[in-house]
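Quick notes on the structure that follows.
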Amino acid sequence: MMKIGVLCAMLPMAMFSCSQKQDSTTGAVSKEVKAPTDSVSEIIGKKGILTYPDFTAYMTYESENRLHWKTVTKEGKVAEGEETVSYKRINDHIFFLSWIESDGFTVSQVIDVLNGKVEAFLSFEDPQQANGKRNFVATAATFKFEE
């Protein structure tokens, strides 16, 4: 929890860049604060391809609260769904998404579209587990926008 608190405290600082300007007539130095721009990317309204070690996910980011996904395993097994999603834009190129599928499978992702990376946390029912009968997997993927 401490790491999340530190990250949340640092985000506002990371989301703005400062540059110094010097007035040519007076020589005074001032700082100009610039808000992030949409120049890097936005995922809403776009399609992405996430390549995990065991499967590929084809995502359609329909809105800030809806997405469609389709996964294809290396063996060719296909699954797909339409989900209500929790979406948060962290900065101009990093996004956090989380959802719960109808079978209780949960997905939380941090997507870095600039560097083409995804960190994901997946949890699912597992009767063998003593803690809430659930298990989890932390995994990573590559990301690219569908052409």
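The values are calculated or read from the model by the stated rules, or taken from the named source; none is laboratory data. In this text, all values refer to a predicted model and were calculated from it rather than measured experimentally. Glycine also receives a Cβ, built like all others from the backbone with ideal geometry; neighbour counts cover every protein chain displayed. The area values use the complete protein model at the heavy-atom level, side chains included, leaving out ligands, DNA and RNA. Shrake-Rupley method; radii C 1.70, N 1.55, O 1.52, S 1.80 Å.
Couple of notes before you dig in:
- Ranked packing of 89-95, 125-131, 76-82, 103-109, most packed first, by mean Cβ within 10 Å: 89-95, 103-109, 76-82, 125-131
- Protein accessible area in the stretch 60-147, 1.4 Å probe - carbon and sulfur %: 52 percent
- 19 Å Cα-Cα threshold exceeded, pairs from K70/K144; K70/K133; K47/K144; K88/K133; K47/K88: K70/K133; K88/K133
- If you plug the beta carbon distance of K88 and E119 into 1/(1 + (r/R0)^6) with R0 = 22 Å, you get a FRET efficiency near 0.95.
- Accessible surface, the stretch 31-147, averaged per residue in Å² (probe 1.4 Å): 61 Å²
- Reachable aspartates and glutamates, given that their alpha-carbon falls under 13 Å from the alpha-carbon of K46 and they are not under 8 places away in the same chain: E62, E64, E146, E147
- Candidate cross-link partners of K74 among the aspartates and glutamates, defined by an alpha-carbon separation under 18 Å and a same-chain spacing of 8 or more, comprise D54.
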